[in-house]
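Participant: Structure provided below as structure tokens; questions to follow.
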Amino acid sequence: MTSSAIAVSGLRKAYGDRVVLDGIDLEVHRGTVFSLLGPNGAGKTTTVNVLTTLLKPDGGTVRVAGHDVATETRAVRAAIGVTGQFAAVDELLTGQENLRLMADLKRLDAGAGRRVIGELLERFDLVGSAQKPVSSYSGGMRRKLDLAMTLVGKPRIIFLDEPTTGLDPRSRRTMWQLVRELVADGVTIFLTTQYLEEADQLADRVAVLDQGRLVAQGTPDDLKRQVPGSHVRLRFADAAQLDAAARVLTEATRDDDALALRVPGDGGTKSLRALLDRLDEHAISADEFSVHTPDLDDVFLALTGRTTEVAK
């Protein structure tokens, strides 16, 4: 059995003369989180719509759960779950009734349906609100119910389209934990998000899409290492120590007001050890030091030329 949950090669999609996806190649391994990032108009939604069989590709090959999305649509749909940006729940029904509706649509028998619904209500901490109408739920509760409804059919691949948009930080972290638990159970997650911290926290691999092309792929750490800006910040007790350190570390940028030096580096332990050894050789001691490395916001800006505010 292949290790790929999703395999895409040369994916193309155009609307008339406007090319939206221009030869996309990507692979998502089973039991991992793959995050697709990009500014508005980059082609993220089109990619997800093709992978979930909502759009037909114009070129290339796309296989999801081992099935071709163009010729084996029904098999693909049976293997996946999709949670959109806005919770697809019926506010007039209770939480339990929403889950029952999904169980009926999945044609589960009464006994299996009750069992699955009970397990999901427990797992998502919705037992106490199961009999309440969804119109009374908070945003975080609705998102949890929406994800629970997606899991009724036990899909092995789940597409999460900006699943935490509009949630407060506590609810967002609850969703992150639920995603981690799903992956621990062997589920594959394809995530699009406007929060780069979210991709950094959850994704095993990240791809950045810009103007219909993938401009980078790799682990979050791999992408961060491609962007310059790693440095060590040293703060000293007095101006004399700062002057002495500046004479030794000639490549550093000094901040006299903060009694600090900013020393370029690669963020690795080897270079940090060498830096501290140089100070020690000259009997120079720093009161504080901290290592700063680029984050995914820096990566996004470097690769697309736009800040993450544009992607929101």
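Participant: Looking only at residues that are more than 15 Å from residue 155 (Cβ to Cβ) and over 29 Å from the mean Cα position of the chain (by Cα) in the range 108-117, which one is surrounded by the most Cβ atoms within 10 Å (Cβ to Cβ)?
Facilitator: First pass over the range 108-117, keeping only residues more than 15 Å from residue 155 (Cβ to Cβ): 109-115, 117.
Retained after the next criterion (residues that are over 29 Å from the mean Cα position of the chain (by Cα)): 109-115.
Values: 109: 9, 110: 10, 111: 8, 112: 12, 113: 18, 114: 14, 115: 13.
For the range 108-117, the residue satisfying everything is 113.
Participant: Just wondering, is there one or more residues in the range 254-261 that are touching a residue at least 40 places away in the same chain (Cβ under 8 Å), in a strand (DSSP E or B) and either buried (at least 19 other Cβ atoms within 10 Å of the Cβ) or among the hydroxyl-bearing types (Ser, Thr, Tyr) (or both)?
Facilitator: No, the range 254-261 contains no residue that is touching a residue at least 40 places away in the same chain (Cβ under 8 Å), in a strand (DSSP E or B) and either buried (at least 19 other Cβ atoms within 10 Å of the Cβ) or among the hydroxyl-bearing types (Ser, Thr, Tyr) (or both).
Participant: Check the range 187-197 and report whether any residue there is at pLDDT 95 or above, polar (S, T, N, Q), under 28 Å from residue 49 (Cβ atoms) and under 13 Å from the mean Cα position of the chain (by Cα).
Facilitator: Let us first name the residues in the range 187-197 that are at pLDDT 95 or above, namely 187-191.
Cutting the leftovers down to polar (S, T, N, Q) gives us 188.
Then keep just the ones that are under 28 Å from residue 49 (Cβ atoms); that gives 188.
Checking which are under 13 Å from the mean Cα position of the chain (by Cα) leaves us with 188.
Within the range 187-197, one or more residues are at pLDDT 95 or above, polar (S, T, N, Q), under 28 Å from residue 49 (Cβ atoms) and under 13 Å from the mean Cα position of the chain (by Cα).
Participant: With respect to residue 58, is the statement that it is acidic (Asp, Glu), over 30 Å from residue 145 (Cα atoms) and either modelled with pLDDT under 95 or not assigned by TED's automatic domain parsing to the domain that holds residue 184 (or both) true?
Facilitator: no
Participant: Using beta carbons and a limit of 8 Å, which pairs, at least six apart or on different chains, have the first residue in the range 146-169 and on the phi > 0 side of the Ramachandran plot and the second one of a type in the set (Ser, Thr, Tyr)?
Facilitator: Every condition considered, the pairs that remain are 162/192; 162/193.
Participant: Just for the range 262-276: of the residues that are under 33 Å from the mean Cα position of the chain (by Cα) and of a type outside the set (Gly, Ala, Ser), which one is surrounded by the most Cβ atoms within 10 Å (Cβ to Cβ)? Write out each step before concluding.
Facilitator: Looking only at the range 262-276, we keep the residues that are under 33 Å from the mean Cα position of the chain (by Cα), and these are 262-273.
This time we only want the ones that are of a type outside the set (Gly, Ala, Ser), so: 262-264, 266, 269-270, 272-273.
Details: 262: 17, 263: 20, 264: 14, 266: 13, 269: 9, 270: 9, 272: 16, 273: 10.
Ranking the qualifying residues of the range 262-276, first place goes to 263.
Participant: Additional query: Can you say whether residue 64 is closer than 20 Å to residue 186 by Cβ, in the same structural domain as residue 102 (by TED's automatic domain parsing), surrounded by 19 or more Cβ atoms within 10 Å (Cβ to Cβ) and of a type in the set (Val, Ile, Thr), as far as the supplied structure shows?
Facilitator: Values: closer than 20 Å to residue 186 by Cβ: yes; in the same structural domain as residue 102 (by TED's automatic domain parsing): yes; surrounded by 19 or more Cβ atoms within 10 Å (Cβ to Cβ): yes; of a type in the set (Val, Ile, Thr): yes.
Yes.
Participant: Is there any pair with a first residue in the range 98-125 that is over 20 Å from residue 142 (Cβ atoms) and a second that is surrounded by fewer than 15 Cβ atoms within 10 Å (Cβ to Cβ) and of a type in the set (D, E, K, R) whose Cβ atoms are under 8 Å apart and which are 6 or more apart or on different chains, and what are they?
Facilitator: What qualifies is 113/104.
Results for (1) free of Cβ contacts under 8 Å to residues at least 24 places away in the same chain; (2) surrounded by 17 or more Cβ atoms within 10 Å (Cβ to Cβ), shown as yes or no for each residue.
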{"residue": "8", "(1), (2)": "no, yes"}
{"residue": "13", "(1), (2)": "no, yes"}
{"residue": "18", "(1), (2)": "yes, no"}
{"residue": "50", "(1), (2)": "no, yes"}
{"residue": "84", "(1), (2)": "no, no"}
{"residue": "92", "(1), (2)": "no, no"}
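The values are calculated or read from the model by the stated rules, or taken from the named source; none is laboratory data. Model, not experiment: these values are computed from the prediction. Neighbour counts run over all protein chains shown; Cβ positions are idealised from the backbone, glycine included.
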